[in-house]
Amino acid sequence: MSRTLEWALAGERVILHGDKALYYPAHATLMVADTHFGKGAFFRRKGLAVPTGQSQDDLQRLSALIAYFEPQRLIVLGDFFHHRPTPGEPFLAQFPDWLARHGHVRVEAVIGNHDRHAKGIDIGITWHATLDIGPLRLCHEPQSVPGRHVLAGHLHPAYSLSAGRDRLRAPVFWCREGMTVLPSFGALTGGWDIQPEAGEGVVLIVDGELFPIASRSGR
């Protein structure tokens, strides 16, 4: 299989990537969902032994995607933050330099439910309640929008396959009627098992490779 897969949404060509990203060539826009930056620091403050380096690793993954697609815009579909960051957190220390290195890319985010905890914190990006690009509506929580194909996050979709005693559970792109839900990008975000209906498209991500199951173009 491949790390990239061409897909059609609302008659538009997009490219799915095995590092849980979607690229929209007509608008030179790269999209991911649910980065949850700072989640590791939040858990450590609560006394949980979570390894450090999650934010740095996720920023490096974004850098690799930017190098691959060379977008003009990077948009996070909500839950950019996991919580309200505190001064000195690794993400806040690393992000300004990362943003400066990618100054040719406009970094934006749709406001997610977790981002509301960080209201008023200025990290140098543009925030939107929702955003329209071509025939697409960019949201955080999946919702039907007449005349638009919705791109959203929030659900952290995952899918399970079984064969005898073997079981595979993997993050997915979930392509539904009028909407596509992106997998969560952040390394510590987990997943929610989906039960796709007949005719819906599911693209599994296994070790960075893409595997379509019962796929069809979005409408």
Mean residue ellipticity at 222 nm from the helices of the chain, using -39,500 (n - 2.57) per DSSP H segment of n ≥ 4 over the full residue count, to the nearest 500 deg cm²/dmol? -5000 deg cm²/dmol
Given charges at beta-carbon only (K, R positive; D, E negative), |dipole| of segment 125-219 in Debye: 100
Among Asp166, Asp19, Asp34, whose mean-square fluctuation peaks in a Gaussian network model of the chain (Cα, cutoff 10 Å)? Asp166
By how many degrees, between 0 and 90 and to the nearest 10, does the Cα long axis of helix 90-101 differ from the longest principal axis of the chain? 70
Helix axis angle, 54-69 relative to the chain longest principal axis, alpha carbon, degrees: 50
Percent antiparallel among DSSP beta bridges with both residues in segment 86-215, to the nearest 5? 65
To the nearest Å², the heavy-atom accessible area per residue of segment 80-123 with 1.4 Å probe amounts to 53
As I understand it, the dipole of the chain uses +1 on the Cβ of Lys and Arg and -1 on the Cβ of Asp and Glu, about the Cα centre. Which of Val172, Gly191, Ala118 lies farthest toward its positive end? Ala118
What percentage of the solvent-accessible surface of the chain, computed with a 1.4 Å probe over protein heavy atoms, is contributed by carbon and sulfur atoms? 51
Tell me, how many Å apart are the Cα centres for segment 184-214 and for segment 92-137? 24
Quick one: net charge around Val150, please, counting Lys, Arg +1 and Asp, Glu -1 for every other residue with C-beta under 11 Å from its C-beta. 0
Across Pro96, Pro146, Pro25, the residue with the highest GNM fluctuation in the chain (Cα network, 10 Å cutoff) is Pro146
At a threshold of 8 angstrom on Cα-Cα distance, excluding pairs fewer than six apart, so keeping six or more, what relative contact order does the chain reach in percent? 22
The chain, dipole about Cα centre (Lys/Arg Cβ +1, Asp/Glu Cβ -1), debye to the nearest 20: 300
Under 8 Å for C-alpha pairs, at least 6 residues apart: give me the relative contact order for segment 63-113, rounded to a whole percent. 63
Please state the charge dipole magnitude for segment 87-164, taken about the Cα centre, from unit charges on C-beta atoms (+1 on K and R, -1 on D and E), reported in debye and rounded to the nearest 20. 180
Could you work out the relative contact order of segment 50-168, using alpha carbon pairs under 8 angstrom and six or more residues apart, expressed as a whole percent? 22
Name the most mobile residue of Ala93, Ala152, Ala118, meaning the one with the largest mean-square fluctuation, in a Gaussian network model of the chain with Cα contacts below 10 Å. Ala93
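The values are calculated or read from the model by the stated rules, or taken from the named source; none is laboratory data. Predicted, not measured: the structure shown is a model, and the values here were computed from it. All Cβ positions, glycine included, derive from the backbone under ideal geometry; neighbour counts span all protein chains shown. For accessibility, only protein heavy atoms count, side chains too; no ligands or nucleic acids. Shrake-Rupley method; radii C 1.70, N 1.55, O 1.52, S 1.80 Å.
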